[in-house]
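Worksheet: one structure, shown below.
Each value in this text was obtained by applying a stated rule to the coordinates, not by laboratory testing. As the structure is a computational prediction, the values presented were derived from the model and not from experiment. Every residue, glycine as well, gets a Cβ built from its backbone with ideal geometry; the counts of neighbours run over all protein chains shown.
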Amino acid sequence: MTEETGKSFYETGRPGIRGWIFSTDHKRIGLLYLTSMLTFFTVGVCLGLTMRLQLMFPGHSIVPAHVYNSLYTLHGVIMIFLFVIPGLPAVFGNFMLPLMLGAEDVAFPRINLLSWWLFVTGAGLALLTIFFGGLPDTGWTFYAPYSIRSGQNVSLAVFAAFILGFSSILTGLNFVVTIHRLRAKGMGWFKMPLFAWGLYATGWIQILATPVVGITLLLILVERIFHIGLFDPTIGGDPVLYQHLFWIYSHPAVYIMILPAMGAISEIVPTFSRRTIFGYKMIAFSSMAIAIVGYLVWGHHMFTSGMSNTARAVFSLLTFLVAIPTAVKVFNWLATLYKGSIVLQTPLLFALSFIFLFSIGGFTGLIQGALSTDIHLHDTTFIVAHFHYTMFGGTGFAFFGALHYWFPKMFGRMYKEKPAKLGWLLMFLGFNFLYFPLFIAGFMGQPRRYYDYLPKFAVPNLVSTIGSWILVAGLIVLAVNLIRALRFGEKAPANPWKAATLEWETSSPPPLENFVEPPVVTQGPYDFVGKGLVKG
Amino acid sequence: MAAAGHPRNPAAWLKALGVVILLAVAGVLVEMVVGVNRYSDFGAQVDHTFWMIVLIAALLLGGIVVFMVYCLVVYRHDRVEVPVQVEGNWWLEFWWTVIPVVIVLGMFWAGYEGFRNMRTVPKNAMKVKVLARMWSWEFEYENGVHSNVLKVPVGTPVRLTLTSADVIHSFYIPHFRVKEDCVPGREGYMWFKADEVDTYTVMCAEYCGDGHAKMMTNVVSLPREAFEEWLRSAAEEKKAMEEPVAEELSPEEKERKMAAAGEKLYNVKGCAACHSVDGSPRLGPSFKGIYGKKVRVMTGGKAREVLVDDAYLTKSMKTPTADVVEGFQPVMPPQNLTDAEIEKINTFIKSLK
């Protein structure tokens, strides 16, 4: 199974753009997602930069309030629906899952292509709001009754989110069936790589939770178009009902965002420690535990919204419980470093900074899970900092770690190590300068979604804006390094990191059918000794 | 393996408990350095919980980082050629599941305790109704006095009943560590006790549109007597305001009284949030000198010119988005005002030459 046995998937299939946008090959679909998502990510970053520029000094506006409101709404919608939710599953799940399972493709290749088309259609509809009726200004949460009264084109944006939901459901369904049905001969459930476990847990959340938000968004449309009182109290609705329905999906959705990221970390840490993962089963089960308990904690977004005091206490307690499986994962990753033979390359730097940043996100989550402290911090920039630590410090760093880990496999080229490390360093420093001050401003009482703020919050906001420049400098270094590698990088061997999972047993990039001969699995996914990758 | 660890079980429990207690004590110490919140009744309690969790988190995070760096140094590839393949350890898994459970239950309890105090209103609390609207606050006292600043007597518990006239807002006093949403069609509640004579910022914490960031007012805590005095005079002023303007007054005098009443309404009803009286544009056009002028407005997407008179002003309060002055966003919500109130406000606007 080396390069000479077959052409790579790039060299087979229909030529030209049609060979890509109508391809049912999971690898091509993965790359389609990668290209479209990185485009959206770039737009989201630019919006974020503009927001930080606006907030650099108090009292000096570069954009008026209504523009700022659309900026942060678009930033949120793009980053959440078009980058973080599809995130790792759509790119690395699509590309790697069949390879890791030793399969030829996902279970339903055509549905897979449909998912991407739905994704692009939803994204296109969201962008249409620029030209028709004005950008939405409600925040990505579309809270009623504001979203019902807003004169902006909320209907189109909501419908776009509805379409995107279907893309997500179909991807989840596809992965769950693939994992059940298409594992290689000999690959029992506990011989599956942990990234596949992460995708499995994610798939179930996508299937079970996403329809709820689909229904909720449709109800907003029904209310806006037919004036049926569902959420607007002036016509007999209840705005708090909307919040419940919204968070019943959107809280599990944060686990859709993080579980595949945790899966990627579980691949990177053992590979670069040159030893088997510590507590395989605990990591696998904790993914499932997070997926299950994650359904029951949505109310912690609503501690000040007027729920009964009992409901608030119950949701607070359940929220603390979801911290446990997360802590278990962190401890197991750390224990995997113990007595290893650690090679500190770029993917591991991203993985370790993931553990650090995600821990800060998790710990500050405890502060918000506790009732009395959350009452103070709710809807302040403390929350903004918290979810950027989990979503960007967590999923974002895992995404870039995964990109650097699987880049040789996907493109058949090696990137340069030194610029990648420099890019990581700038990104890591910039990230902390950007978001940590927001914890302080939030504790001081600066509410979020403010286009201007009181002078007493000036210092943390200035530091934060400067941090955003450092972060973007890091992103540029990383991007230039990877784009350069696409053309000029050294040819990648089949297994540059000496990893033990199946995707590294085929050539880089893989042939169209993935494996020349269907693999038969006899060892565990991290059995470096059994595969002769390290001395035992 | 299970049997070997069993005798240590109770000791480890005690140890874990000891650690938690130690951390709680350390939390208090941190707080002494950072400073205790003395502004309100539960400020100190909230901060105490906050710093306790921060401290436990900092210690755990420190542990994580130290262990990570230790491994990176000691087990780096050029030092260790042959790694040890450790598959796991069920006792470790057990302990690092159980100890975090104990820790987070402690945190839950601390948060719940503070919360219970926040939600248990003392029986003798003074009652004030809060009406939030885009983008101002209106406070109504039990004797019917309306104000756009929340004046309270120091050291007295105050119970707020919260609701909204339009979309969801959130009443937030950062110094007092309290917040609760104002939901249209519902009544929420919260309470606080200001412990020092001072002025504290109130902010809206739930996004509510273009004026969200400017939807602020103050809690002003006054000595008991000063508060009583203010409440009494405000009640008298209100009474005088409500009396019909005496017929026998000269037209100028009548107009002056109406304008004064209009100015009061301009402040209380929240007009001031978006319309200045000094010529500077805010979210809406300034009222200064606008009466009797011709302005360009957008009517259903088409520009036209209208004269600002009583009829136009009245229409602009009842259906604000019908004719929007050019250069401004159609964001003003319809105002729930009586005809008498509108007349007074119109007279006030007219007086701003």
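Across the stretch A:479-484, rounded Karplus estimates of 3J(HN,Hα) from the backbone phi angles (6.51 cos²θ - 1.76 cosθ + 1.60, θ = phi - 60°) give 5, 4, 4, 6, 5, 4 Hz, Gly and Pro being marked x. Counting every other Cβ atom within 10 Å of each residue's Cβ, B:C274, A:C46, B:C182 order from fewest to most as A:C46, B:C274, B:C182.
The protection proxy used here, the mean number of other Cβ atoms lying within 10 Å of each residue, ranks peptides B:143-152, A:329-338 as follows, highest first: A:329-338, B:143-152. Rounded to two decimals, the Cα-based Rg/Rh of the stretch A:423-513, with Kirkwood Rh, is 1.26. Taking other C-beta atoms within 10 angstrom as a stand-in for reagent exposure, A:W469, B:W13 fall in the order B:W13, A:W469, fewest first. Kirkwood hydrodynamic radius of the stretch A:3-505, from the reciprocal of the average inverse Cα-Cα distance over all distinct pairs: 23.3 Å. Ordered by the count of other Cβ atoms within 10 Å of each Cβ, fewest first, B:D198, A:D379, A:D137 give B:D198, A:D379, A:D137. Derived scalar couplings between HN and Hα for the stretch A:333-344 equal 5, 4, 5, 5, 6, 5, 6, x, 9, 7, 9, 8 Hz in order, rounded to whole Hz, by the Karplus curve 6.51 cos²θ - 1.76 cosθ + 1.60 (θ = phi - 60°), x for Gly and Pro. Note down the relative contact order for chain B as a percent, whole number, built from C-alpha pairs under 8 angstrom at least six residues apart. Answer for chain B is 13 percent.
With contacts taken as Cα pairs under 8 Å and at least 6 residues apart, the stretch B:126-240 reaches a relative contact order of 29 percent.
Take each peptide in A:50-56, A:365-371, B:328-334, count the other Cβ atoms within 10 Å of every residue, and average; sorted highest first, the result is A:365-371, A:50-56, B:328-334.
Residues in the stretch A:41-54 carry Karplus couplings, in order, of 4, 4, 4, x, 5, 4, 4, x, 4, 5, 4, 5, 5, 4 Hz; the curve used is 6.51 cos²θ - 1.76 cosθ + 1.60 with θ = phi - 60°, and Gly or Pro positions show x. A Gaussian network model of chain B, with springs between Cα atoms under 10 Å, assigns the largest mean-square fluctuation among B:K318, B:K257, B:K293 to B:K293. What FRET efficiency do you get for B:A58 and A:T12 if R0 is 45 Å and r is their Cβ-Cβ distance, rounded to the nearest 0.05? So the FRET efficiency works out to roughly 0.25. In whole angstrom, chain B maps to an equivalent ellipsoid with semi-axes of 59, 27, 16, each derived as √(5λ) from the alpha carbon gyration tensor and ordered largest first.
Could you check what % of the DSSP bridge pairs in chain B are antiparallel, to the nearest 5? Of the beta bridges lying entirely in chain B, close to 75 percent run antiparallel.
Amide H to amide H distances under 5 Å link A:T380 with A:R448, where only residues 5 or more positions off or on other chains count and H is placed in the peptide plane. When the P(r) is computed for the stretch B:167-252, the part past 23 Å accounts for 49% of the Cα-Cα pairs.
Taking the average, over residues, of other Cβ atoms within 10 Å as the packing measure, peptides A:263-270, A:280-287 rank A:263-270, A:280-287 from highest down.
Counts of other chain beta carbons within 10 angstrom of each beta carbon in peptide B:89-97 average 4. For the stretch A:124-203, the alpha-carbon coordinates run over 59, 22, 14 Å along the three principal axes, in decreasing order. Relative contact order of the stretch A:3-505, taken over Cα pairs closer than 8 Å and 6 or more residues apart, is 16 percent. Distance between the pseudo-spin-label points of A:V177 and B:R79 (7 Å out from Cα toward the beta carbon): 5.1 nm.
Per residue of peptide B:210-216, the mean number of Cβ atoms on other chains within 10 Å of the residue Cβ is 5. Over the protein assembly as shown, what portion of Cα pair distances is larger than 49 Å, expressed as a whole percent? Above the 49 Å cut-off, the protein assembly as shown has 26 percent of its Cα pairs. Applying 1/(1 + (r/R0)^6) with R0 = 60 Å to the Cβ-Cβ distance of A:I111 and B:T156 gives a FRET efficiency near 0.40. Take each residue in A:320-333, count the other chain C-beta atoms within 10 Å of its C-beta, and the mean is 4. When the alpha carbon gyration tensor of the stretch A:54-181 is reduced to an equivalent ellipsoid, its three semi-axes come out at 36, 16, 11 angstrom, largest first.
Here B:K257 is the anchor, and the lysines within straight C-alpha reach of less than 17 Å, apart from those fewer than 8 places off in the same chain, are B:K238, B:K239, B:K344, B:K350, B:K353.
In a reduced charge model with +1 at each Lys and Arg Cβ and -1 at each Asp and Glu Cβ, the stretch A:390-505 shows a dipole moment near 200 debye about its Cα centre.
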